[in-house]
Amino acid sequence: MYDVTVIGCGVTGAAIAYQLARYDLRVLVLERENDVAMGATRANSAIVHAGFDPEPGTLMAKLNVRGSACMEALCRDLSVFYRRTGSLVLAFTDEENEQLAHIYENGVANGVPAMRLLDASETLAMEPSVSPAVRGALYAPTAAVVDPWGLCLAMAETAVKNGVELRLRTEVTGVERAGDHLVLHTPRGDVKTRYAVSCAGGHGHTLAARAGDAVWKPLPSRGEYYLMDKSAGDLVHRVIFQCPTAAGKGVLVAPTVHGNLIVGPSAIPAESPEDTKTTGAGLESVRLSAQKSVPAVDIRACIRTFAGVRANTDRGDFILEPSAHTPGLLHVAGIKSPGLSAAPAIGEYAVELLAGMGLTLRDKLHFDGTRRRVVFRHLSAAEKAARIAENPLYGRIICRCETITEGEIVDAIHSPVPPCSIDGIKRRAGAGMGRCQGGFCGPRVLEILARELKIDPKTIPQDGDGSLLLLQETKQGGAQA
């Protein structure tokens, strides 16, 4: 019998598991995919929003500002890439300048510190690549960029290290009350748990319906992006927004923690949470909008396009509420932007709600909330030499674009949440994130995975289950795609 089961291990589920790991509880996390961070967590803008956008008084406002405030320390404790950049919301008309004043007042009401309204000359002095047609901007110095899947992985790994159990490839297909506990139905057998937290992202409404609750209406929205080469990474130094519309925060141009430039997203109604296709029309709309803000954005520097699906609903706020019909079940849903920014605070708040539902919280005697990760390229020359002397695998570069060593890849494979795919290594160690997008290092990563996991390379996917690269053996004994 588990005390708490978390359903879904995107950044929200991982944050809740990380907080629960502090207490003397038996905690289980169930994830339907073959890895954590496989939904919206791996395909988003990677922005830590300052918190001026949500309407005052909403959960979204409260949790955004709190999450943003504690994100830097959390990332430092967990060795997650984070960079405080600040953000600018641009105005191109007098009406948009008036809108900036309203957004500023929102931010003041929400407790966002140190914001300023800038005129055109101040804006251009801060970011010379912004369009000269700009009329003004709202500057929020507390905005930042982060590694979203790195944050999810770090919280999940730290939770596992502290005793939380993680089961991948385990989809929850139903939930019911049975006496003093819940029974979660999965294809791999039933799970008994006193409390459950549904963090199922775009599938949260389905689980809510199976629990007998009035279902919010899902309104999934697909956002398409360009990821630009590092040669374009210095075009802007802050997150550049346009004035928000009913469709969202609009197309942004921003640096990433890895040194690239990200451009997007579009906002297109999606058929399902898995509707992550990119389209020519969608990407063209992103280009045109981005070049309105920053005319020098050059799509020829693109090294990858991708899309993510926002878990929008017909409610204007995050949904964190106990089930009305299934005692012991807590719904955490509608975690759209600024969900990444709010994730640490959502973890805290969900634990508070569970305590209010009757969960007894006793501090764990030995909780280690930190994680240390070696990033070889960031070491000094002396530190690199010492690391190679200790483990020669650090002297072998596998990913030339990102200078990722075999030692880092092997460490990732033997981490508390080990990968099973090539892209799982990409998310953990960075191999394949560079200009060639794994064109050179991918086959070598495949070999290392097979060697370290002692499995047939033909069983190793590119990413999700079924995305196999090697299909058959040749007569010479080698694999053939």
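Placing a pseudo-label 7 Å from each Cα along the Cα-to-Cβ vector at K458 and L124 gives an inter-label distance of 6.4 nm.
Loop sites by DSSP among the GluC sites (Glu not before Pro) of the chain, restricted to those with at most 15 other Cβ atoms within 10 angstrom, leave 1-270 as the longest stretch without any of them.
Between K217 and K277, what FRET efficiency follows from the Cβ-Cβ distance if R0 is 22 Å, with the result rounded to 0.05? E(calc), rounded to 0.05, equals 0.45. A 1.4 Å probe over all protein chains sorts L78, L453 by accessible area into L453, L78, starting with the largest. Each Cα pair under 8 Å and six or more residues apart adds its sequence gap; the mean of these over the residue count of the chain is a relative contact order of 19 percent. Applying a 4.7 Å Cβ-Cβ cutoff to the chain leaves C9, C70, C75, C152, C199, C243, C302, C401, C420, C436 as cysteine residues with no disulfide-compatible partner.
Here the dipole of segment 401-478 is about 120 debye; that uses its Cα centre as origin and unit charges on the Cβ of Lys and Arg (positive) and Asp and Glu (negative). Can you tell me the FRET efficiency between T93 and R116 if r is taken as the Cβ-Cβ distance and R0 is 25 Å, rounded to the nearest 0.05? In this case the efficiency is close to 0.80. Given axes a ≥ b ≥ c from the Cα gyration tensor, I'd like to know whether segment 284-385 is rounded (a/c under 1.5), prolate (a/b larger than b/c) or oblate. Here segment 284-385 falls in the oblate category. For A178 and A73 in one chain, what is 0.36 nm times their gap in residues minus the Cα-Cα distance, to one decimal in nm? Difference between extended and current length: 33.7 nm. Note on R188 and S231: their simple-model spin labels are 4.5 nm apart, each label 7 Å out from Cα toward Cβ. Ranking G86, L59, A37 by how far each Cα lies toward the positive end of the dipole of segment 1-100 (charges on Cβ) leaves A37 at the top. Computed extension length for E383-K364: 3.3 nm, one decimal, from 0.36 nm per residue of separation with the Cα-Cα distance subtracted.
Computed with a 1.4 Å probe over protein heavy atoms only, the accessible area of Y104 comes to about 70 Å². The portion of the accessible surface of the chain made up by carbon and sulfur, rounded to a whole percent, is 52 (1.4 Å probe; DNA, RNA and ligands excluded). Length gained on full extension, V375 to D314: 17.7 nm, using 0.36 nm per residue less the C-alpha separation. Modelled spin-label separation between E171 and M1, with each label point placed 7 Å from Cα along the Cα-to-Cβ direction: 3.0 nm.
Using the Karplus relation 6.51 cos²θ - 1.76 cosθ + 1.60 with θ = phi - 60°, the per-residue 3J(HN,Hα) values for segment 383-393 come to 5, 4, 4, 5, 5, 5, 5, 6, 8, x, 4 Hz, with x marking Gly and Pro. Computed 3J(HN,Hα) for segment 26-31, one whole-Hz value per residue from the Karplus formula 6.51 cos²θ - 1.76 cosθ + 1.60 where θ = phi - 60°, is 9, 10, 10, 10, 10, 10, glycine and proline marked x. Note on the chain: helix-only mean residue ellipticity at 222 nm, from DSSP H runs of 4+ residues weighted -39500 (n - 2.57) and normalised by residue number, equals -9500 deg cm²/dmol.
Accessible surface computed residue by residue for the chain, with neighbouring protein chains in place and a 1.4 Å probe, gives 41 Å² per residue.
The values are calculated or read from the model by the stated rules, or taken from the named source; none is laboratory data. Since the structure is predicted, the reported quantities are computational estimates derived from the model, not experimental observations. For neighbour counting, all protein chains shown are included, and Cβ atoms are generated from backbone atoms with ideal geometry for every residue, glycine included. Heavy atoms of the whole protein, side chains included, go into the accessibility calculation; ligands, DNA and RNA do not. Shrake-Rupley method; radii C 1.70, N 1.55, O 1.52, S 1.80 Å.
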